[in-house]
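Structure, as structure tokens:
The values are calculated or read from the model by the stated rules, or taken from the named source; none is laboratory data. Since the model is a prediction, treat every value here as computed from it, not as a measurement. Here the Cβ positions follow ideal geometry from the backbone for every residue, glycine too, while neighbour counts run over all protein chains shown. Quick note on the areas: whole protein, heavy atoms, side chains included, nothing else; ligands and nucleic acids left out. Shrake-Rupley method; radii C 1.70, N 1.55, O 1.52, S 1.80 Å.
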Amino acid sequence: MSNSILGSGAVSLGLAASITGMIVVAMGLANHRGSWKRETRWLVGIMTFAAIAAVVVMERALITRDFTVAYVAENGSSKTPALFNFATMWAALEGSILLWTLILTGYVVAVLVKFRDRHDDPMVGWAMLTLFVVTTFFFALMLGPANPFKSFNPPLGYDGPGPNPLLQNHVLMAFHPPVLYLGYVGFTVPFAFAISALVTGRVGEGWLLATRRWTVMAWGFLSLGIILGAWWSYETLGWGGYWAWDPVENASFLPWLTGTAFIHSVMVQERRGMLRVWNLSLVVSTFALTILGTFITRSGVLNSVHAFVESGIGPWILTFFALIVVVSLGLIAWRGDELRSPGRIDSPVSREGAFLANNVLFAAFAFVVLLGTIFPLIVEAVDGRSISVGNPYFDRMTMPIGFMLLFLMGIAPVLPWRKASSGVLSQRLIGPAWFGAAVVLFSVLVGARGWAPLLAFGLGGFAAGASGRQLILATRRQGWRGLVGRTNGGMIVHIGVILIAVAFAASNAYVRQDEFNLLPGDTATMSGHTLTFEGSTVIEYPNRTERVARIRIDGGQVYEPALATYPFAGQSINIPSVRSTAVDDIALSVLSYPEGTDDAVLLRATIQPMIVWLWIGGLVIAGGTLMAVVPGNRRRPTDPVSAPLEEVSV
Amino acid sequence: MSTSITRKRRSNLRLWSWIGAAVLAVSAFLYGSVSGGQPQTNAERAHALADNFACPVCSGQSVAQSDASVARIIRREIRTWVDEGRTTDYIRSQLVADFGEDIDYTPSATGITSLVWILPVVGGAGAITGLFFVFRRWKLDADFEASAEDVALVDAARADLP
């Protein structure tokens, strides 16, 4: 049986199981009986089997170069190396939807297992129903506009072009999309429970507690996925950067912003019973933004270096996005009175006050990024003009918000709940303040200049001091357990975010880039580094021809940026070579080998400080996320959670 | 008596520590901000400018990022203008005249495009005002006299503390 038929059969089976699951759970909920649980187990099993089978069939088609499958004919090639051939499944639109669906069914299985003892609970029932609606949508996409198993009649001797050359020259391509999708799709679980809470009217803290670790893990995967994407971009695109405020990059950043706000504000609801509407809105927004991101990436409405080819998928995703927003808003409006919080914030100078400010800032950040991303579409729709919104806008608008967030990261960890006295603040913040001051002094001594980077370094030092203080106190009290649990893991995550913020500020403020026309033996000097061109070599690979330039940096090791030509894709790309140290990176890329010259090269060199700390920061975030989901020491109910009594006005 | 003196001494010490940290941070910050370091070279200024314009034939890449030949030509043009001492406004107007408004990554602050600058500021101001009123209302709600019963309850609870 052909792969097209097998794959289409698997997708049809998955869709049938999803729709049946929806009906069975809905009927079970309507009849107030929990008997749906046995059938659901079967249906989830069938649905997951179908998703796995579809993926296996696609990989089989890719590995055997079965060009009768249109997706393989358009994206596969007999010349593509094995790893990238395997990763071709998520290199184009239809395959990426297949990967999304596989991960989604995995999450559904995990929910079913985790809540196996609560299948009679309507909260779990409505969450399962919501999950089935989402799986139905994605299976339906694969039978509609994003069909990965369309058949193709290849002419004799046909060989495909292979994936986009940019997607087959770095190992990160195998990891970045799956990790990113684990984050995107992971937010479906808290969304499903939020909808369930609204429908059942159990809008208290139960659904938050049930989904706390799911949210943190999804956030961690999304963070790591974004960092891996930036790393991939830096290592493959050859322009010496890693973040360009591109619409597709923004599409991944938007749910990260709202998800981060949610992770913080959820603590206010857990402790004080407040911000219920806000938390529900944030979790709905986060999920809706993942779908909007899918629309931006896959509809072709916005120009992006990362976008998939234009397809007919746009209206489907936009309709689903509208459905999510309308249903969620409708439910929130319906539960209006029950969502009113009984508590109030006693003082802005308190942990919950800081979380509130943090949420306002994250919401503002998300608004700026969303507005800047879709504004060209708005202008075009209103008066037909074509405009661009890029780096200068995003840098100018987000920089003050970033500074305020760094400041809050320094203040918030030392604040008690309810209210803080000036004495407490003064005592707890003096260490971080000295650390911040020392960082500014050190930066100036090593030659850093300019108010913006210095402010970022100082605030970063201040925030790192506060996080470090919390970790030191916790490990003194609890030993290694002082590194685990939500608060302590969260502080490790803060340190990772601070590393990234400081590295971002340094690399953007002190970037140096220049282009050089060099003949063999020529040396160029740039920011105190020497680059000597020692000649070039042509290397033939099965899928490409590379002309490699040998560049000796500072008289030491030789680096080999190359210009690669992929004949099947009819495209040439440059393959950068990067010298990384803890202090700075030198990224080299070949722009061209000018014709009519004797072995000359047009070389672009980019020198940026602290780049490697971006990737280290990403690893620290991943580690901190893992620590955060490990249960910490439980607080004794008698332990004070607020400032000492004498400091609280009665 | 001696505890009170120690506490006061500690408080004074902390105050001086704060003053020391503030003086150190502010003076280092001002020195680093004002002294400016090495002036930007023409190459650096040209690169910074090229990052502010969209490559006219690429999908979402700036002139600085793109390897397309037209991007390389524009980079060379920008470098020539910078070497000639042209202003940023001159370079912007030349590129917009040659390639259209959408080459400029900085939206104009006039007409409908000004909304992209105004809306976040208005939204931010609205959020701050809203928070101010919310906290004010919460504070007013909290301004009540504790009854004798409340005070007795709190006293009893405090007496139970170890």
- Task: Report the accessible area of A:R212, computed with a 1.4 Å probe over the heavy atoms of all protein chains in place, in Å² rounded to the nearest 10.
- Result: 80
- For the range B:9-79, taking Cα atoms only, what is the radius of gyration to one decimal and the Dmax to the nearest whole Å? 22.7, 70
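Just from its helices, what would the mean residue ellipticity at 222 nm be for chain A, if runs of 4 or more DSSP H residues each count -39500 (n - 2.57) and the sum is divided by every residue, rounded to the nearest 500 deg cm²/dmol?
-20500 deg cm²/dmol
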- Unit charges at the beta carbon, dipole of the range A:508-592: most positive-side option, A:I553, A:T532, A:T565: A:T565
- Message: Let me check something: with ligands and nucleic acids excluded, how do A:E595, B:E84 order by accessible area (1.4 Å probe), largest to smallest?
- Response: A:E595, B:E84
- Query: Once you charge only the Cβ atoms, +1 for Lys and Arg and -1 for Asp and Glu, what is the size of the charge dipole of chain A about its Cα centre, to the nearest 20 debye?
  - Reply: 2760
- Query: For B:A68 and B:V26 in one chain, what is 0.36 nm times their gap in residues minus the Cα-Cα distance, to one decimal in nm?
  - Reply: 10.6 nm
- Within 10 Å of each Cβ in peptide A:508-514, how many partner chain Cβ atoms are there on average? Round it to a whole number, please. 4
- Using the Karplus equation 6.51 cos²θ - 1.76 cosθ + 1.60 (θ = phi - 60°), what ³J(HN,Hα) coupling, rounded to whole Hz, does each residue of the range A:589-595 give in order, writing x for Gly and Pro? 9, 8, 7, 5, 10, x, 6
- Query: Under 17 Å from the Cα of A:K79, which aspartates and glutamates turn up, not counting those fewer than eight places away in the same chain?
  - Reply: A:E59, A:D66, A:D159, A:E540, A:E546
- Along each of the three principal axes of the Cα atoms of the range A:356-463, give the extent in whole Å, ordering the values from largest to smallest. 58, 42, 13
- For A:D585, other-chain or 5+-apart residues with amide H closer than 5 Å (H placed, Pro excluded) are A:Q608, A:M610, A:I611
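Considering only DSSP states other than H, G, I, E and B, which chymotrypsin sites (Phe, Trp or Tyr not before Pro) in the range A:66-163 qualify as loop sites with at most 13 other Cβ atoms within 10 Å?
The qualifying sites are A:Y158.
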- Task: Per residue of B:51-63, count partner chain C-beta atoms within 10 Å of its C-beta, then hand back the mean as an integer.
- Result: 5
- Identify, among A:F516, B:Q40, B:I5, the residue whose Cα sits farthest towards the positive end of the charge dipole of the protein assembly as shown, taking +1 on the Cβ of Lys and Arg and -1 on the Cβ of Asp and Glu, with the dipole about the Cα centre. B:I5
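Of the heavy-atom accessible surface of the range B:42-106 (probe 1.4 angstrom), what whole percent is carbon and sulfur? Walk me through the intermediate numbers first.
Numbers: 1270 of 2780 Å².
With neighbouring chains kept in place, the figure for the range B:42-106 is 46 percent.
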- Item | Lys, Arg +1 and Asp, Glu -1 on Cβ, resulting dipole of the range B:42-106 about Cα centre, debye, nearest 20 | 200
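Kindly give the semi-axes, whole Å and largest first, of the ellipsoid equivalent to the range A:85-213, taking each as the square root of 5 times a Cα gyration tensor eigenvalue.
37, 17, 10
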- Query: For the protein assembly as shown, what is the Kirkwood estimate of the hydrodynamic radius, computed as the reciprocal of the mean inverse distance between distinct Cα atoms, to one decimal in Å?
  - Reply: 29.1
- Message: Net charge within 12 Å of A:V109 by Cβ-Cβ distance, Lys/Arg positive one each and Asp/Glu negative one each, not counting A:V109 itself?
- Response: +3
- Note on the structure: Semi-axes (Å, rounded, descending) of the ellipsoid equivalent to the range B:42-106 per its C-alpha gyration tensor are 17, 13, 10
- Summed buried accessible area for B+A [probe radius 1.4 Å, Å², rounded to 100]: 5100
- Sorting A:M89, B:P120, A:A605 by the position of each Cα along the dipole of the protein assembly as shown (Lys, Arg +1; Asp, Glu -1; all at Cβ), the one nearest the positive end of that ordering is B:P120
- Query: Which value, in Å² and to the nearest 10, is the accessible area of B:V82 when all protein chains are kept and the probe is 1.4 Å?
  - Reply: 10
- Query: Per 10 Å bin, what is the whole-percent P(r) computed from every C-alpha pair distance within the range B:113-160?
  - Reply: 22, 22, 20, 16, 12, 8, 1
- Message: At 10 °C and a viscosity of 1.306 mPa s, what translational diffusion coefficient does Stokes-Einstein give for the range A:513-609, taking Rh as the Kirkwood radius over Cα pairs? Give it in µm²/s as a whole number.
- Response: 117
- Task: May I ask you to derive the relative contact order of the range A:513-609, considering only C-alpha pairs under 8 Å and at least 6 residues apart, and to give it as an integer percent?
- Result: 25
- Task: Give the peptides A:226-236, A:489-499 in descending order of average Cβ contacts within 10 Å, highest first.
- Result: A:489-499, A:226-236
- Which whole-percent values make up P(r) of chain B when all C-alpha to C-alpha distances are grouped in 10 Å steps starting at zero? 8, 16, 15, 20, 14, 11, 10, 7, 0
- Message: Show me the three semi-axes of the equivalent ellipsoid for the range A:231-305, from the C-alpha gyration tensor (sqrt of 5 times each eigenvalue), largest first, rounded to whole Å.
- Response: 32, 15, 6
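Pulled fully out, how much extra length does the chain show between A:V558 and A:R396, if you take 0.36 nm times their separation in residues and subtract their Cα-Cα distance?
Net length gain for the segment: 54.5 nm.
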